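To start, the structure itself, in structure tokens.
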Amino acid sequence: MERIRKNNGDSHRGEEGMLNNKVAVVTGASRGIGKEIALKLASLGAAVIINYNGAEEKAEEVKKLIEDKGGKAEIYQCNVSDFDACKEFIDYVIKKYNSIDILINNAGITRDGLLMRMSEKDFDDVINTNLKGTFNCIRFASRQMMKQRAGRIINISSVVGVSGNAGQTNYAASKAGIIGLTKAVAKEVASRHITVNAVAPGFIQTDMTDILSENTKKQIASLIPIGTFGNPEDVANAAAFLASDEAGYITGQVLHVDGGMVM
């Protein structure tokens with residue numbers, strides 16, 4: 001399923017310095033899409049705080065990858081579903097860096113199952129991590145951004161939040177909620193020069209899709225107009241654009257990175 005890219009090189013070249021002196025918080029950044037976003041923002045000059053919940057070793061690996069390329073990064077453990085823990089997390093960042101310029105809400109989990117078999121816990125866990133976790137981080141980071149009169153908030157939603165998906169009522173609800181949250185917050189903070197947007201990935205090659213059988217992957221790919229799964233870099237590039245000065249007049253929008261699945 002791997003796509004052939006024309007540059008055949010480092011996908012992070014060519015825009016160095018675009019985010020110099022910016023402080024970026026990326027939740028759920030120890031692997032997958034979050035990891036790639038952290039690497040991308042760091043390659044553009046941002047100091048990146050890599051949030052993780054349980055995978056400390058993987059978070060350290062992301063930090064090392066960034067530092068080996070001359071970037072700035074640190075890790076911070078926080079369960080984003082915990083309101084008080086998020087306050088401590090954001091307070092720590094503000095105290096150390098005196099700023100939060102970019103917030104990427106990427107942390108998320110799945111607990112798939114058919115509606116009639118889904119437990120209350122499986123529903124609540126997904127909503128609390130994906131949707132409430134996004135709210136928690138915005139709730140505390142936005143105060144600092146309003147003082148700065150500047151900021152970029154990018155929330156990672158999903159095409160499932162737009163189109164729905166059988167067996168994922170909890171996940172779809174959480175990702176649809178993120179879209180509504182994005183639009184509402186965008187209206188509240190726009191006057192302070194803070195933009196709030198969402199990125200809605202389609203099927204992206206990550207640990208979550210690696211477990212699918214080759215036959216299932218082919219069936220899914222046949223439903224994607226471009227014909228292949230995306231790469232984490234595709235989502236990272238979109239997030240980096242929305243985090244940049246070039247996207248200063250874009251807010252309250254949902255950018256689909258899905259190969260044309262939802263048009």
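Computed quantities for the displayed model
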{"item": "Solvent exposure of segment 129-263 as accessible area per residue, Å², 1.4 Å probe", "result": "44"}
{"item": "Candidates D91, D124, D68, ranked by Gaussian network fluctuation over the chain, Cα under 10 Å, top entry", "result": "D68"}
{"item": "Highest-first arrangement of 73-85, 43-55, where packing means the average Cβ count within 10 Å", "result": "43-55, 73-85"}
{"item": "Value of relative contact order over the chain, rounded to a whole percent, pairs C-alpha under 8 Å and six or more apart", "result": "19"}
{"item": "Over segment 30-123, relative contact order from alpha-carbon pairs under 8 Å, at least 6 apart, %", "result": "23"}
{"item": "Amide H partners (placed H, <5 Å) of V257, local residues excluded", "result": "A200, G202"}
{"item": "Most to least accessible of K187, K175, K87, K72 (protein chains only, probe 1.4 Å)", "result": "K187, K72, K87, K175"}
{"item": "Under the Karplus curve 6.51 cos²θ - 1.76 cosθ + 1.60, θ = phi - 60°, whole-Hz ³J(HN,Hα) for segment 16-32, x wherever Gly or Pro sits", "result": "3, x, 4, 10, 4, 6, 8, 10, 10, 9, 10, 7, x, 9, 7, 7, x"}
{"item": "Residue-by-residue Karplus 3J(HN,Hα) for segment 85-100, coefficients 6.51, -1.76, 1.60, Hz, glycine and proline x", "result": "5, 5, 4, 4, 4, 5, 4, 4, 4, 5, 5, 7, 9, 6, 5, 9"}
{"item": "Carbon and sulfur %, accessible surface of the chain computed with the full protein complex present, 1.4 Å", "result": "50"}
{"item": "Reach of K121 by Cα under 17 Å, taken over aspartates and glutamates that are not fewer than 8 positions away in the same chain", "result": "D82, D112"}
{"item": "At 1.002 mPa s and 20 °C, Stokes diffusion of segment 147-234 via Kirkwood alpha-carbon radius, µm² per second", "result": "145"}
{"item": "Potential extension, A166-K147 segment - 0.36 nm per residue separation minus Cα distance", "result": "2.6 nm"}
{"item": "Close Lys-Lys pairs in segment 140-223, where close means Cα under 24 Å and separation is 8 or more or interchain", "result": "5"}
{"item": "Spin-label model distance (nm) - N20 vs H193, 7 Å beyond Cα toward Cβ", "result": "1.9"}
{"item": "Kirkwood-Stokes translational diffusion coefficient of the chain, alpha-carbon pairs, 37 °C, 0.692 mPa s, µm²/s", "result": "178"}
{"item": "Spacing of the two label points (7 Å from each Cα toward its C-beta) at Q219 and D112, in nm", "result": "1.0"}
{"item": "FRET E, pair I226, F83, Förster distance 35 Å, beta-carbon r, rounded to 0.05", "result": "0.35"}
{"item": "Beta bridge orientation in the chain: antiparallel %, DSSP, nearest 5", "result": "0"}
{"item": "Charge tally in the Cβ shell below 14 Å around V162, where Lys, Arg are +1 and Asp, Glu are -1, V162 excluded", "result": "+1"}
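The values are calculated or read from the model by the stated rules, or taken from the named source; none is laboratory data. None of these values were measured; they are calculated from a predicted model. Here Cβ is always computed from backbone atoms with ideal geometry, including for glycine, and neighbour counts include all displayed protein chains. To get the accessible areas, we keep the full protein, side chains included, count just its heavy atoms, and leave off ligands, DNA and RNA. Shrake-Rupley method; radii C 1.70, N 1.55, O 1.52, S 1.80 Å.
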